[in-house]
Every structure is written in structure tokens, then in C-alpha cells.
């Protein structure tokens with residue numbers, strides 16, 4: 001029996017990163033009742049590890065057992081009966097009184113569970129549950145590098161992209177990976193609005209120093225939707241000093257926004273300049289293949305059988321973000337359930353009839369190119385050409401900007417449609433036009449006319 005557990009340990013040691021193996025698997029202890037027992041008992045050092053192993057590794061342990069013994073086995077998990085008390089005190093939440101460890105915790109696992117709850121991380125958002133494609137591969141690679149080397153690689157890491165593209169999932173994945181490596185670290189995920197609320201509460205309760213100390217002593221700060229700092233001057237000031245303190249201490253900061261840092265409205269220039277110290281990456285709307293993969297993974301999680309035709313139908317008609325994709329899938333599942341039908345292509349079409357009709361009325365890239373070329377009295381083929389004269393380059397940039405604003409196509413898809421250009425060219429074009437329309441009245445007027453023409 002011990003040979004079996006040794007085989008399991010060897011398998012996990014080869015398959016998992018060293019940090020994960022040491023954190024989740026190495027500390028498990030095997031107990032067997034009888035030489036021929038088909039039931040094994042694994043003892044976890046605490047309830048948090050028990051829950052993690054049960055959700056992510058138990059099925060694999062049982063599968064390895066089935067292969068090893070050539071008959072089905074079952075594995076039970078429980079927590080070590082005797083666990084020494086701790087003397088370390090956790091940091092109180094902002095505005096809360098610190099509670100002595102003897103009053104709040106009696107066992108080490110209580111400390112670990114409480115420490116994880118203070119992170120405000122979602123344990124379901126991991127790198128393993130993230131669907132990766134061309135739209136987010138760079139962001140994922142950067143995030144993984146940060147998770148492996150917090151405070152030393154890409155600090156700060158700034159992730160931007162539209163609503164529902166997976167920024168929050170990626171941020172939580174980083175936090176969970178770092179926590180798995182070292183549960184003792186002080187980690188906090190916070191939405192920008194919650195950071196503002198914490199600061200207001202600290203001022204109201206005359207606990208400003210506690211607020212400062214808390215955020216400046218974190219090992220990892222994950223702050224979501226920084227654009228909500230818009231026009232909140234005092235909040236930006238406090239965050240500026242917290243940012244400097246963490247960077248100087250080589251603590252990791254990760255920030256998300258719905259737009260490129262320099263395009264965030266109402267954000268102080270000194271903060272924007274700080275964001276440039278690290279790495280800025282974008283997440284684009286998912287391409288077709290990635291959208292299909294997302295749907296399949298979602299269906300698998302829900303234990304729903306769904307055909308490739310249904311996945312293609314949904315993916316073809318919903319292109320903007322992951323949330324809409326998952327919402328459409330849920331709609332199909334609910335519709336089929338209410339009517340007592342299997343999920344077929346026809347059922348999916350009925351469930352999504354209004355969405356499909358709306359998609360069919362959407363603005364196309366062809367339309368954009370034709371209207372822009374007519375407006376500037378150039379040929380559509382010139383938008384695809386390699387010409388860089390101002391008479392061609394500026395209309396091409398405007399057309400790319402309109403494509404980004406009015407369609408759900410990803411940056412690579414837009415680039416391909418404009419003569420096989422790289423997505424970075426599209427980013428540059430969009431950024432150029434966004435800046436120009438603020439300072440150039442003529443371009444702004446042209447954009448208004450083109451927008452009105454396309455929407456009528």
C-alpha cells in the first residue's frame with residue numbers, strides 16, 4: 001500500500017510545479033485499514049489544503065489507484081486531529097480591531113483559511129480554468145511569469161481590455177498561484193471602488209494611519225478597474241504613495257483597466273508615468289476558435305453535452321466578450337430545459353433568435369472601409385495597400401479606429417482585414433486617432449460624420 005502512495009507522490013512531483021507539489025501534495029499522509037483494503041485515508045494538515053486537494057487532485061489520485069491495483073478504489077480525506085496553536089496574529093481589516101490569536105483561532109488551519117479569506121480571491125479563477133488563445137496569450141504569459149517571480153518580473157503589471165474579456169480572472173489566477181506557493185504572504189485583491197470605500201471609512205473612523213499601514217505592507221496588491229479612480233484626487237494621492245512604498249519594497253502590484261493607461265480619463269499624470277515602469281499588456285476580444293473553446297469548457301463544467309454546431313452558432317454571433325458568450329450558453333441551456341428538449345442546433349437558434357437577428361444587422365468591416373474610402377475619395381484597395389502617404393495613412397487609421405469602436409472584431413482580425421497588418425499597427429492607429437480627435441477639430445468632425453453615416 002505504501003508503494004501505491006509512493007507512486008502517487010512520484011507522479012505528482014513530475015507533473016506539478018515544485019511549489020505546488022510542496023504546498024498541496026507533499027504534506028498529505030496516507031492511512032490504510034488492512035492490507036487488502038480498497039479504501040484509503042489521506043490526512044491533510046489543514047482544512048484549506050483538504051478542500052484544495054478534494055477539488056483539484058482527488059480524481060487523479062483515485063485514477064492512479066485504479067491503474068495501480070487494477071480495481072476501483074476510494075479515497076477519503078480528513079484533517080489532522082491535533083494541530084498546534086499559532087502565535088502569529090493576522091492583520092485586521094481596515095477599521096476593525098485586532099483580535100488576539102487565542103480568541104480568534106485555535107488551530108493552524110483556521111489561520112490559513114482566514115488568511116485566504118482576507119485575500120478576497122476567487123479560488124475558481126486559476127490558470128488551469130483560463131482558456132488561452134491568441135487574444136490573451138501574451139497577457140497570460142506575463143501573468144504566469146509574475147506569479148512565478150512576484151516583485152521581480154514586470155512590476156507593476158498593467159492589464160487592459162474591454163469588459164468581460166477575462167482581466168479579473170487573470171488577476172485572481174496570479175493571486176491564487178502566489179498564495180499556493182506561500183500562504184503566509186499578505187495578499188489583497190480589491191476593486192478600485194472598494195479601495196475608495198476603504199479610504200473613506202478610514203477617514204470617517206479616524207484610522208487613516210491603519211489604512212496606510214495596511215496597504216503599504218502588503219506583499220501583493222491586485223487592484224481591479226483603476227479607471228474608477230477617475231477624478232478622485234484624494235484617492236489617487238493615497239494610492240500614489242502606497243504604490244511607491246510597495247515598489248520600493250519590491251512587492252508586486254497588478255492593475256487592470258478597461259483602456260490603455262494614457263487613455264484613462266481623469267487619472268493623474270504622475271500615476272500614469274508610474275504604470276510605465278513595468279509591463280503593459282492587453283486582452284483582446286476572443287477569436288472564433290477561442291470563443292468555441294470557452295463554450296466547450298463552460299459546458300463541461302456544467303456537465304452539459306453540446307455539439308460543435310451549437311458552439312459555432314453561439315461563437316459566430318457573439319464576439320465581443322466572454323460574459324456574453326457564457327450568458328448566451330446559459331440562455332440556450334435554460335430554453336432547452338424549460339421546453340424539455342435536447343440542445344440541438346434548431347433549439348439554439350430559437351433561444352438566440354433576437355441575438356442572431358441583431359448580429360445580422362451589425363456594421364461590417366466591408367461597410368466601414370467603403371464608407372471611409374468614399375468619404376476621403378480614395379479606393380478601398382488603397383486601405384489594404386502598403387502606401388504610407390498621409391492621404392492614405394490617415395483614412396486607414398480612421399477606418400481601423402471605427403472598426404475597433406463599432407465591431408466586435410479582435411485587433412488581429414482587424415489587422416488581417418486591412419492588408420494583413422499586425423495587431424500592433426491597429427493599436428497604434430487607434431491610439432493616434434483617439435489622441436487626435438481631442439486636439440484636432442477637423443478629425444473630430446470627420447469622425448462624427450462617419451459615425452452618423454455608419455449608424456443610419
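The values are calculated or read from the model by the stated rules, or taken from the named source; none is laboratory data. What you see is a predicted model, and the numbers here were worked out from it, not measured in a lab. In this analysis, Cβ positions are derived from the backbone assuming ideal geometry, glycine residues included, and neighbour counts consider all displayed protein chains.
Worth pointing out:
- Conditions (1) modelled with pLDDT of 90 or more; (2) touching a helix residue (DSSP H, G or I) at 6+ places or on another chain (Cβ under 9 Å); (3) farther than 26 Å from residue 325 by Cα: number failed by residue 437: (1)
- Segment 230-264: number of residues that are closer than 16 Å to residue 158 by Cα and either outside the structural domain of residue 142 (by TED's automatic domain parsing) or modelled with pLDDT under 90 (or both): 7
- Residue check for residue 189: over 18 Å from residue 250 (Cβ atoms) and at pLDDT 90 or above: yes
- Residue ID - surrounded by the most Cβ atoms within 10 Å (Cβ to Cβ), chosen from residues in segment 292-316 that are assigned to a helix (DSSP H, G or I) and more than 23 Å from the chain's Cα centre (by Cα): 310
- Filter result for residue 429 (crowded, with 24+ Cβ neighbours inside 10 Å and under 20 Å from residue 447 (Cβ atoms)): yes
- Test: residue 394 is surrounded by 13 or more Cβ atoms within 10 Å (Cβ to Cβ) and touching a helix residue (DSSP H, G or I) at 6+ places or on another chain (Cβ under 6 Å): no
- Restricting attention to segment 263-291, the residues that are out of contact with any strand residue (DSSP E or B) (no Cβ under 8 Å at 6 or more places or on another chain) and surrounded by 20 or more Cβ atoms within 10 Å (Cβ to Cβ) add up to 7.
- Matching residues, segment 55-75, being more than 12 Å from residue 8 (Cα to Cα) and either surrounded by 17 or more Cβ atoms within 10 Å (Cβ to Cβ) or outside the structural domain of residue 41 (by TED's automatic domain parsing) (or both): 73, 75
- Every residue from segment 240-291 that is farther than 15 Å from residue 160 by Cα and assigned to a strand (DSSP E or B): 252
- Filter pass, residue 386 being in the same structural domain as residue 415 (by TED's automatic domain parsing) and either more than 18 Å from residue 425 (Cα to Cα) or surrounded by fewer than 11 Cβ atoms within 10 Å (Cβ to Cβ) (or both): yes
- Residue 340 falls short on exactly one of the conditions (1) within 24 Å of the chain's Cα centre (by Cα); (2) surrounded by fewer than 14 Cβ atoms within 10 Å (Cβ to Cβ), and that condition is (1).
- When the residues of segment 195-239 are filtered to those that are out of contact with any strand residue (DSSP E or B) (no Cβ under 7 Å at 6 or more places or on another chain) and part of a loop (DSSP other than H, G, I, E, B), the one that is surrounded by the most Cβ atoms within 10 Å (Cβ to Cβ) is 232.
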